[in-house]
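*Asks:* Structure in structure tokens, see below.
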Amino acid sequence: MLDVFVDNSTDFILFGFPVFYTWHWSVFGIIYFMYILTITGNIIIITITSTNIHLHRPMYFFISNLSFIEILYTSVTIPQILVLLTGKNKNISFRNCITQFYFFFCLGSTECFLLSVMSYDRYCAVCNPLRYKLIMSGPVCRNLVLACWIMGFFPNLISTFKIANLKFCDRNIQHFFCDLSPLMQLSCQNTNKLQTLNFFTASSIVLFSFAFTLGSYVRIIMTISTIPSFNGKSKAFSTCASHLAVVLIFFGAVAFVYVRPRASTDFEINKVVSAVYIVVTPVVNPLIYSFRNKDVKMAIKKLLF
């Protein structure tokens, strides 16, 4: 560690992607293209679900909220990544770093809870079709989304406050954004208690959300297995399979990086895994959640033509 005290007037330096230095413009182009696809795809979803009366259903209400989260979630980190890849500016102020850290984890936590709510919606649709409209009424759906935002933002306040008050003795963050482990590695203080707090916070959010989602899908699969016709099984499973695949990828990547008792120092592996849920998953989500849906395709055609 350098003998430098980093306070709120000092800039951090993001390490970025030195391994891609030779072809950094190619990586820049790929990430920029994926970012534009993410923003465009999710804006289209929000537009059609809010303007097309045929899509005013709980499933599409949750998908539109997920799209809104994805826009914010990617915008917290990807513009910074693009600046790093240009090589023009690797600095980020202390205040902006802590702000990025807070909103990144809050939005990620909110997405975890919303994915769980979406799995519960699918459970009600498949397992309780006759009572579905009663269970997933408009006020219930709005309250569930509100609960996701509240549970996503408040648990991260304590960790963010404690990290913001750490004493840092180095400015070089071994990552492409202000992530948890790289920040704690720069601290001059003992961070054991903070690491334990963050572990239990992340575990509570990720494992609870994943367990609830997995439990919903176990019940869904059990119900689908009782459907006598193959076409009926195929139709029921098609509404859930894509969502389940993305849930497994998203939760698997997040759990690998954050749900461990100690902060990992293997930053290169963490960068690769982080890129999955920061860059790749948000691009895929609009495609598998909506654009494969016949109703959504018709709504897009109506919007464009």
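*Asks:* Which whole-Hz ³J(HN,Hα) couplings does the stretch 271-283 yield from phi under the Karplus relation 6.51 cos²θ - 1.76 cosθ + 1.60, θ = phi - 60°, glycine and proline marked x?
*Replies:* 4, 5, 5, 4, 4, 5, 8, 8, 10, 6, 4, x, 6
*Asks:* Using bins 10 angstrom wide from zero, how does P(r) for the stretch 149-231 break down, in % of all Cα pairs?
*Replies:* 14, 33, 22, 14, 10, 6, 1
*Asks:* Where does the chain land on the Kirkwood hydrodynamic radius, alpha-carbon pairs, in angstrom?
*Replies:* On the way: mean 1/r = 0.0483 Å⁻¹.
One over the average 1/r among Cα pairs gives 20.7 Å for the chain.
*Asks:* A follow-up question, please. Would you kindly state the longest site-free stretch of the chain, with sites defined as trypsin sites (Lys or Arg not before Pro) in a DSSP loop (not H, G, I, E, B) surrounded by at most 13 other Cβ atoms within 10 Å? Present the calculation step by step, with values, prior to reporting the outcome.
*Replies:* Values: sites that count: 88, 167, 262, 292.
After excluding every exposed loop site, the longest remaining stretch is 168-261.
*Asks:* Continuing with this model, one more query. Given axes a ≥ b ≥ c from the Cα gyration tensor, I'd like to know whether the stretch 59-164 is rounded (a/c under 1.5), prolate (a/b larger than b/c) or oblate.
*Replies:* Verdict is prolate for the stretch 59-164.
*Asks:* To one decimal place, what orientation-averaged projected area in nm² is obtained for the convex hull of the Cα set of the stretch 19-80?
*Replies:* Numbers: hull surface 18.8 nm².
Mean projected area of the Cα convex hull: 4.7 nm².
*Asks:* Roughly how tilted is helix 94-127, in degrees to the nearest 10 and between 0 and 90, from the longest Cα axis of the chain?
*Replies:* 20
*Asks:* Between residue 47 and residue 222, what is the spin-label point distance in nm, taking each point 7 Å from the Cα along the Cα→C-beta axis?
*Replies:* Using points 7 Å along Cα→Cβ, the separation is 4.4 nm.
*Asks:* Counting only helical runs of four or more DSSP H residues, what would the 222 nm mean residue ellipticity of the chain come to if each run contributes -39,500 (n - 2.57) and the total is spread over all its residues?
*Replies:* Details: 12 runs with 215 residues, N = 305.
About -24000 deg cm²/dmol.
*Asks:* Please list, in chain and number order, the residues 5+ apart from residue 189 or on another chain whose amide H is under 5 Å from its amide H, with Hs placed from the backbone.
*Replies:* Amide H to amide H, under 5 Å and 5 or more residues apart or across chains, residue 189 pairs with 167.
*Asks:* Now, a different point. When the accessible area of the stretch 1-153 is split by element with a 1.4 Å probe, what percent falls to carbon and sulfur? List each step's numbers first, then the result.
*Replies:* Working: 5080 of 7520 Å².
C and S atoms contribute 68 percent here.
*Asks:* Between residue 269 and residue 172, what's the calculated FRET efficiency when r is the beta-carbon distance and R0 is 22 Å? Round to 0.05.
*Replies:* Working: r = 18 Å, r/R0 = 0.84.
Given R0 = 22 Å and the Cβ-Cβ separation, E is 0.75.
*Asks:* Shifting gears a bit: Give me the accessible area per residue for the chain, probe 1.4 Å, as a whole number in Å².
*Replies:* Values: 15320 Å² over 305 residues.
For the chain, the solvent-accessible area averages 50 Å² per residue.
*Asks:* While we're here: Give me the angle, in degrees from 0 to 90, between the Cα long axis of helix 294-304 and the longest principal axis of the Cα atoms of the chain, rounded to the nearest 10.
*Replies:* With both axes taken from Cα atoms, the answer is about 70 degrees.
*Asks:* If a/c stays under 1.5 just call it rounded; otherwise compare a/b with b/c (prolate if a/b is bigger, oblate if not). Do that for the stretch 109-179, with a ≥ b ≥ c from the square roots of the Cα gyration tensor eigenvalues.
*Replies:* Values: a/c = 5.78, a/b = 2.99, b/c = 1.94.
Prolate is the answer for the stretch 109-179, as a/c is 1.5 or above and a/b outweighs b/c.
*Asks:* What is the calculated FRET efficiency for residue 134 to residue 56, with r their C-beta to C-beta distance and R₀ = 22 Å, to the nearest 0.05? Write out the running numbers ahead of the final one.
*Replies:* Details: r = 17 Å, r/R0 = 0.75.
After rounding, the FRET efficiency stands at 0.85.
*Asks:* Another question, if that's okay. For a quick check, take a GNM of the chain with Cα springs below 10 Å and name the residue from 45, 173, 158 with the largest mean-square fluctuation.
*Replies:* Highest fluctuation of the listed residues: 158.
*Asks:* Now for a separate question. Springs between alpha-carbon atoms under 10 Å, Gaussian network over the chain: tell me which of 40, 110, 22 tops the mean-square fluctuations.
*Replies:* Fluctuation is largest for 22.
*Asks:* How large is the Rg to Rh ratio of the stretch 94-218 when both quantities use alpha carbon positions and Rh follows Kirkwood?
*Replies:* Dividing the radius of gyration by the Kirkwood radius yields 1.11.
The values are calculated or read from the model by the stated rules, or taken from the named source; none is laboratory data. Since we're looking at a predicted model, the values are computed, not measured. All Cβ positions, glycine included, derive from the backbone under ideal geometry; neighbour counts span all protein chains shown. Only protein heavy atoms, including side chains, enter the accessible area calculation; ligands, DNA and RNA are left aside. Shrake-Rupley method; radii C 1.70, N 1.55, O 1.52, S 1.80 Å.
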